[in-house]
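The block underneath contains the structure these notes are about, expressed in structure tokens.
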Amino acid sequence: MAILGMAIMLFSLVIPGFLSVKETRISEALPVSLGSFSIIGLVLLAVASVSIFFLSYTEHSFLMGIVAGLVPVFGFFLAGSHAVSIASATGPFARVSPYTGLWLLLLAGYIVVFAARRRLKDKKVLSALLVLIPIASFLIVLGSGHLKELAIMKEYANRSDRFLEETARHLTIAGGAVVAGVIIGVPLGIVANRSPKIEKPVFGVVNFIQTIPSIALFGLLIAPLSYLSRSLPFLREIGITGVGWAPAMIALILYSLLPIVRNTYSSLKVIPVDTVEAARAMGMSRLQVLGKVEIPISLPVVLAGVRTAAVQAVGNTTMAALIGAGGLGVFVFQGLGQAAMDLVLLGALPIVALALIVDSLMQLLIAILTPRGLVSEGADD
């Protein structure tokens, strides 16, 4: 995987076309190369590659991942620098956008970082930093205003207030769905583990929900919620109608149940019987065994299910824009309707970044909350 990513990265550095320029928003795009960046990028990759001879396996993997994550950030930095001169030379309505080379570089960086994270799967803090450091670096470049001449930033400038509003709505819907999913899913997983009679119907339902496409599930919820809001006026007063945040939230809660229920059930199932029996022999009640023994041991696996549900919710919330719930999907679908790719990217790139940030922060949380005894056992294995 890392070799593939490095090959794509090297290819992206030598092909022409790191930026494109259009005289207007709807004109034909013309590629522009950044020759100086290719030389700098090759030097950075060469240094990172040679480091294998004088660094440990862990250190080399971390360095390769960091370099692969920061090279695209540096590429965007140079793109912002060149965009000013390119736009001024083209015309007053010129649009300068990232082009094939820069997108390939971003893809290659992601592949190498992903491969490095797999190598560092037992080093959860280092693995999380491989994502958080490049994203933080990009946010610094973004906040400095260095990229303001890129077309996507011009789209943002025209919609800055709406963008912040939709981002907050996106996070609220996704976060609320995951919190509700935890409140419902963890008890369901515990009950399913305790009772074989309940296990089959619970997993039958949550597995079935996962097979329904998100847009179809949103649509299926419109009719019953519309009926309920008409029959019960107080629901309409608090915003629960056939469209909007309510069907989106309910659908996302349902989607979050499978990973949370499955991981809760599995984590409790693999706890040694001797451990539970020893706790009971010490005089603990069944509730005390659950709170003081089973939950602490199973917590890392449960959180792994929450991590999956959270990343899934960030992505699925995009589709909620189709039923009037808002979120960053608004820009994606507006851009598709107007054939404006920069507007599509204004919605899509933050969604990808949010998913990566949520994934990495959950990974850090799992590392912090994993009992030391379990970490030691994992290291011995």
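Could you pull out the residue among 320, 279 that is more than 18 Å from the chain's Cα centre (by Cα) and of a type in the set (A, V, I, L, M, F, W, C)? The match here is 279.
Regarding region 77-91, can at least one residue be identified that is closer than 24 Å to residue 364 by Cα and touching a helix residue (DSSP H, G or I) at 6+ places or on another chain (Cβ under 6 Å)? The answer is no; no qualifying residue exists. For beta carbons closer than 6 Å, sequence separation of 6+ or different chains, a first residue in region 325-346 that is within 23 Å of residue 244 (Cβ to Cβ) and a second that is part of a helix (DSSP H, G or I) and of a type in the set (Lys, Arg), the qualifying pairs are 326/169; 327/169. Selection within region 282-317: residues that are surrounded by fewer than 21 Cβ atoms within 10 Å (Cβ to Cβ) and polar (S, T, N, Q). The member of this set that is farthest from the chain's Cα centre (by Cα) is 285. Summed over region 149-192, residues that are touching a helix residue (DSSP H, G or I) at 6+ places or on another chain (Cβ under 8 Å), among the small types (Gly, Ala, Ser) and under 30 Å from residue 88 (Cβ atoms) total 1.
Screening residue 60 with (1) farther than 18 Å from residue 139 by Cβ; (2) in contact (Cβ under 8 Å) with a residue 60 or more places away in the chain gives one miss only, at (2).
Can you give me the ranges of the helices (runs of 4 or more DSSP H) entirely in region 322-381 with at least 1 residues that are at pLDDT 85 or above? Give the derivation first.
Numbers: elements: 329-338, 341-369, 372-380.
The helices (runs of 4 or more DSSP H) meeting that bar are 329-338, 341-369.
Scanning region 318-346 for residues that are surrounded by fewer than 20 Cβ atoms within 10 Å (Cβ to Cβ) and closer than 24 Å to residue 225 by Cβ yields a count of 3.
None of 141, 112 is touching a helix residue (DSSP H, G or I) at 6+ places or on another chain (Cβ under 7 Å), open to solvent by 10 Å² or more (accessible area, probe 1.4 Å) and over 19 Å from residue 32 (Cα atoms) except 141. Taking the listed residues 63, 102, 147, 78, the one that is part of a loop (DSSP other than H, G, I, E, B), aliphatic (A, V, I, L, M) and either over 22 Å from the mean Cα position of the chain (by Cα) or more than 19 Å from residue 357 (Cα to Cα) (or both) is 147, with no other qualifying. Which residues, counting only those in region 255-277, are aliphatic (A, V, I, L, M), open to solvent by less than 50 Å² (accessible area, probe 1.4 Å) and in a helix (DSSP H, G or I)? Within region 255-277, 257, 258, 260, 261, 268, 276 qualify.
The values are calculated or read from the model by the stated rules, or taken from the named source; none is laboratory data. All values derive from a computational prediction rather than experimental measurement. In this analysis, Cβ positions are derived from the backbone assuming ideal geometry, glycine residues included, and neighbour counts consider all displayed protein chains. Heads up: the accessible areas ignore ligands, DNA and RNA and are worked out on the full protein's heavy atoms, side chains in. Shrake-Rupley method; radii C 1.70, N 1.55, O 1.52, S 1.80 Å.
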